[in-house]
Amino acid sequence: MGREAVTTLVLGRAKYHGKALLETEEVLFRGASALPGAERASFAFRVGDMEDLCVRAGKLRFTDRKTGKRASIALGEQAEAWRERLTSPPSLLAKLGVAKVPSPKVLVVGRPEEGFEEDLRKAGAITPRSGPVDFVFAFARTPGECEAGLGARARLAPAAGLWIVYPKGKKELAERDVLAAGRAAGLTDNKVARFSETHTALRFVIPKRERPG
């Protein structure tokens, strides 16, 4: 299923030409008004704000709860697939890759959000005391806790992922701090995911050139 589309957004009486991007729980749009000389505009439509979401004539249609305006995004044959993705989003463990690995070996560092370890157990995760693991989930609120989490690099299997989970919108540990720390540790960042309403997860991996074989 395509996650990007060069398309037209109609929002209320305004029309915009640009690119739509399908995320797990929202649709992002970047474009410019059809009016001559109009400045570029950007919109983020979260699933919880998309009322009466439906597909008609190849267009994803909904009411934007924040503004009360009707909206439509022309997607052609992809419209129904986008609607299904928005109304049936993948689980958190699916987004993090855990659900794809049978009996995944997992290491949790720091203080996880409530219920996360229980979800891992239900997914059949194994938490070995030593040896390589498929996933590291390091929960950090400060630069020091972030560095402590990155110290678990030594436990990573060659193709494993180390996720730093940190609070959104906090000056104590911003995304740039997490990125800088991970790169300083010799890791490569390759994915970001919405962990919860309050936390973001950023994944680091061992560079391919440094993996055995």
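Here, each number is a calculation from the coordinates, and none is a lab measurement. Note that the coordinates shown come from a computational prediction; the quantities given were computed from them, not determined experimentally. Heads up, the Cβs are rebuilt from the backbone with ideal geometry, glycines too, and the neighbour counts pull from every protein chain shown.
Over 28 Å between Cα atoms, which of Lys170/Lys208; Lys171/Lys191; Lys95/Lys168; Lys59/Lys168 qualify? Working shown, then result.
Details: Lys170/Lys208 32 Å; Lys171/Lys191 21 Å; Lys95/Lys168 18 Å; Lys59/Lys168 33 Å.
As for pairs spanning more than 28 Å Cα to Cα, those are Lys170/Lys208; Lys59/Lys168.
Mind checking Rg over Rh on the chain, alpha carbons, Kirkwood formula for Rh? Walk me through the numbers before you get to the answer.
Values: Rg = 20.1 Å, Rh = 19.3 Å.
Rounded to two decimals, Rg/Rh equals 1.05.
For the range 29-55 and the range 82-96, what is the separation of their Cα centres, given in Å? Answer, in whole Å: 21.
Between rounded, prolate and oblate, where does the range 1-59 land on the alpha carbon gyration tensor, with a ≥ b ≥ c its root eigenvalues, rounded for a/c under 1.5, else prolate if a/b exceeds b/c? Write out the running numbers ahead of the final one.
On the way: a/c = 1.67, a/b = 1.52, b/c = 1.10.
Taking the square roots of the gyration eigenvalues as a ≥ b ≥ c, the range 1-59 is prolate.
Taken about its Cα centre, the chain carries a charge dipole of roughly 460 debye when the Cβ of each Lys and Arg holds +1 and the Cβ of each Asp and Glu holds -1. In this calculation the C-beta distance from Asp49 to Ala180 is compared with R0 = 45 Å, giving a FRET efficiency of 0.85. In whole percents, the pair-distance distribution calculated for the range 92-210 from its alpha-carbon pairs, binned every 5 Å from zero, is 2, 12, 24, 26, 21, 11, 3, 0.
Taking a virtual spin label 7 Å from the Cα of Glu114 along the C-beta vector, which residues in the range 77-99 bring their backbone nitrogen under 19 Å of it? Label zone hits: 92.
Here the range 43-158 was treated as a single set of alpha-carbon atoms; its pair distances binned every 5 Å from 0 give 2, 10, 15, 14, 12, 9, 10, 12, 10, 5, 1, 0 percent.
Find the all-direction average of the projected area of the Cα convex hull for the range 26-72, expressing the result in square nanometres with one decimal place.
Details: hull surface 14.9 nm².
Projected over every direction and averaged, the Cα hull of the range 26-72 covers 3.7 nm².
Distances between placed amide hydrogens fall under 5 Å for Glu23 paired with Leu28, all partners being 5 or more residues away or on another chain.
Dividing the summed -39500 (n - 2.57) terms of all DSSP H runs of n ≥ 4 by the residue count of the chain sets its mean residue ellipticity at 222 nm at -4500 deg cm²/dmol. Spin-label model, Ala152 to Glu4: label points 7 Å out along the Cα-to-beta-carbon direction sit 3.2 nm apart.
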